[in-house]
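Note sheet for the following structure.
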Amino acid sequence: MRHQRKNNKMNMQRDHAALLLRNMATSVILYEKVKTTAGRAKRVRPIVEDLITKAKTKDTRNAIRQIGQVVMDPNASKKLLEVLKERYKSRTGGYTRIVKLGFRSGDAAEVVSIQLVE
């Protein structure tokens, strides 16, 4: 049976989708704002939230190891542990927001902006 197995494949192979999400999560952390489609933003949001939570709750050594498995740039790891950890120390969750921007003219895909809250 396939109960509770709903998963959006984003119309690409599993490895490609995973790499795309890792790259997008890294971009959200580094630039704090990324313009993308709604489906991709919904898939990357829990990854970014989990990375910030790991940076806050784990000790530094384990946080570096676990964050390094996901992010693609060492500067993103540094930013998580130095900047974002301090910014969100009193916040328990909800580190990102998705803002609708309209529709893309080429294929009418819904375009959104995923950004870190202040």
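All of the numbers you see were taken from the coordinates with simple rules; none came from a lab. Computed from a predicted structure; not experimentally measured. When we count neighbours, we look across all protein chains shown, and the Cβ atoms used for this are built from the backbone with ideal geometry, even at glycine.
How many residues are buried (at least 16 other Cβ atoms within 10 Å of the Cβ) and either under 21 Å from ARG91 (Cα atoms) or among the small types (Gly, Ala, Ser) (or both) when one looks only at region 39-48? Let's see the steps before the verdict.
Of region 39-48, the ones buried (at least 16 other Cβ atoms within 10 Å of the Cβ) are 40-41, 43-45, 47-48.
Going one step further and asking which of them are either under 21 Å from ARG91 (Cα atoms) or among the small types (Gly, Ala, Ser) (or both), we end up with 41, 44-45, 47-48.
Summing the residues that are buried (at least 16 other Cβ atoms within 10 Å of the Cβ) and either under 21 Å from ARG91 (Cα atoms) or among the small types (Gly, Ala, Ser) (or both) in region 39-48 gives 5.
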So, first residue closer than 17 Å to ALA55 by Cα and touching a residue at least 12 places away in the same chain (Cβ under 8 Å) in region 20-43, second residue of a type in the set (Lys, Arg) and assigned to a helix (DSSP H, G or I), Cβ within less than 9 Å, six or more apart or across chains; the pairs are VAL28/ARG45; ILE29/LYS79; LEU30/LYS79
All but one of (1) under 16 Å from ARG45 (Cβ atoms); (2) touching a Leu at 6+ places or on another chain (Cβ under 8 Å) hold for TYR88, so report the exception by its number. (2)
Would you tally the residues in region 73-99 being among the polar types (S, T, N, Q) and either within 16 Å of LYS33 (Cβ to Cβ) or in contact with a helix residue (DSSP H, G or I) (Cβ under 7 Å, 6 or more places away or on another chain) (or both)? 3
Within region 76-87, does at least one residue satisfy the condition of being charged (D, E, K, R), surrounded by 11 or more Cβ atoms within 10 Å (Cβ to Cβ) and either touching an Asp or Glu at 6+ places or on another chain (Cβ under 6 Å) or not in a helix (DSSP H, G or I) (or both)? no
Quick one: in region 48-75, which of the residues that are assigned to a helix (DSSP H, G or I), out of contact with any Leu (no Cβ under 7 Å at 6 or more places or on another chain) and in contact (Cβ under 8 Å) with a residue 40 or more places away in the chain is farthest from ILE114 (Cα to Cα)? THR53
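Quick check, is LYS35 surrounded by fewer than 15 Cβ atoms within 10 Å (Cβ to Cβ) and within 10 Å of the chain's Cα centre (by Cα)?
On the way: surrounded by fewer than 15 Cβ atoms within 10 Å (Cβ to Cβ): yes; within 10 Å of the chain's Cα centre (by Cα): no.
No; evaluated as a whole, the condition is false for this residue.
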